[in-house]
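Novice: Structure below; questions to follow.
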Amino acid sequence: MKKLSKKLGVSMEQWHQFTLLFPLIILVFISLISPGPDFAITVKNSLAYSRRSGLLTALGIALGSLVHISYTLLGLGLFITKTPVILHIIQYLGAGYLFYIGLKNLGAKPNADQIGSYTTYNDLKPSEAFFNGFITNLLNPKAMLFFISLFSVLMPREISISNKLFLAIILFLQTLLWFSFVAFSLSGKNTRTKFQRVSYWIERITGVILIGLALKLLLSQLGSVDISPA
């Protein structure tokens, strides 16, 4: 262990602190691979549009999660959870955005350009693909509450600033790599060619899922969640 810490250029104390963060990192990864709004929007943009759209969506999701991680590490998370007005605003904005994207997807129709053609399919604008992922993650109150509750329970009090920064980078990269993997897996030419003929149905199904998640979000009692520091 001492040899490893020397090779990495860190002290034994820093290394010990970082090992205490392993359970947190593992639990965040488990949450990433669980289906939810982030997964749905990545699948839709990768299958229905392009690999570029899927990867930009993944980047948006990762940066959205980095925002949640940053304010939680700065100690602002508990303030947010103790302020019902902020929680409700985030709840309604998040549900409204998912509902809006869902309605857009429900209106998807086949067109002559996309039937039987791989190259002429209209792609998303890069900014739209990015913001699909960023806003979906940022306005998801469950993502916010997940990070706050997890950090309040598993974050050691004695953790150094450098290890907090390192943790934020690891969680950001973990999120980016996972959703990039999803985008790469689903956006291959053969895969997309098969799905492109029915891509409008993919969008419609995703629309139903996103609207369902929006309604579930509205019905959830976020204001009653009580999160206490460890």
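Novice: Pairs needed: first member in region 165-190, under 19 Å from residue 132 (Cα atoms); second member anywhere, assigned to a helix (DSSP H, G or I) and basic (Lys, Arg); C-beta distance under 8 Å; at least 6 residues apart or different chains.
Specialist: Cβ pairs passing all conditions: 183/51; 184/51; 186/192; 187/51.
Novice: Oh, and also: For region 91-103, name all the residues that are of a type in the set (A, V, I, L, M, F, W, C) and either closer than 18 Å to residue 134 by Cβ or modelled with pLDDT under 80 (or both). Before you say what the answer is, go through the steps one by one.
Specialist: First, pick out the residues of region 91-103 that are of a type in the set (A, V, I, L, M, F, W, C): 93, 95, 98-99, 101, 103.
Those that are of a type in the set (A, V, I, L, M, F, W, C) and either closer than 18 Å to residue 134 by Cβ or modelled with pLDDT under 80 (or both): 93, 95, 98, 99, 101.
Novice: I would also like to ask the following. Out of the residues in region 206-230 that are hydroxyl-bearing (Ser, Thr, Tyr) and part of a loop (DSSP other than H, G, I, E, B), state the one that is modelled with the lowest pLDDT. Write out each step before concluding.
Specialist: Looking only at region 206-230, we keep the residues that are hydroxyl-bearing (Ser, Thr, Tyr), and these are 206, 220, 224, 228.
From what's left, part of a loop (DSSP other than H, G, I, E, B): 220, 228.
Values: 220: 68, 228: 42.
The extreme case among them is 228.
Novice: If I ask for residues that are touching a Pro at 6+ places or on another chain (Cβ under 9 Å) and basic (Lys, Arg), which ones from region 123-156 would you list?
Specialist: 142
Novice: Check every one of the helices (runs of 4 or more DSSP H) wholly within region 121-205 and list those with 2 or more residues that are surrounded by fewer than 18 Cβ atoms within 10 Å (Cβ to Cβ) and at pLDDT below 80. I'd like the intermediate steps shown before the answer.
Specialist: Details: elements: 126-138, 141-154, 161-186, 189-196.
Result: 141-154, 189-196.
Novice: Being part of a helix (DSSP H, G or I) and modelled with pLDDT of 75 or more, is that true of even one residue in region 105-112? So that I can check it myself, show each step before the final result.
Specialist: Within region 105-112, the subset part of a helix (DSSP H, G or I) is 105-106.
Next cut, modelled with pLDDT of 75 or more only: 106.
Yes.
Novice: Pairs only if they're at least six apart or on different chains, beta carbon under 6 angstrom, first in region 31-50 and small (Gly, Ala, Ser), second in a loop (DSSP other than H, G, I, E, B); list them, first residue then second.
Specialist: Sorted first by the residue in region 31-50, then by its partner, the pairs are 46/187; 50/123.
The values are calculated or read from the model by the stated rules, or taken from the named source; none is laboratory data. The shown structure was predicted, so the numbers you read here are calculated from the model rather than taken from an experiment. Positions of Cβ are generated from backbone atoms using ideal geometry, with glycine treated the same way; all protein chains shown enter the neighbour counts.
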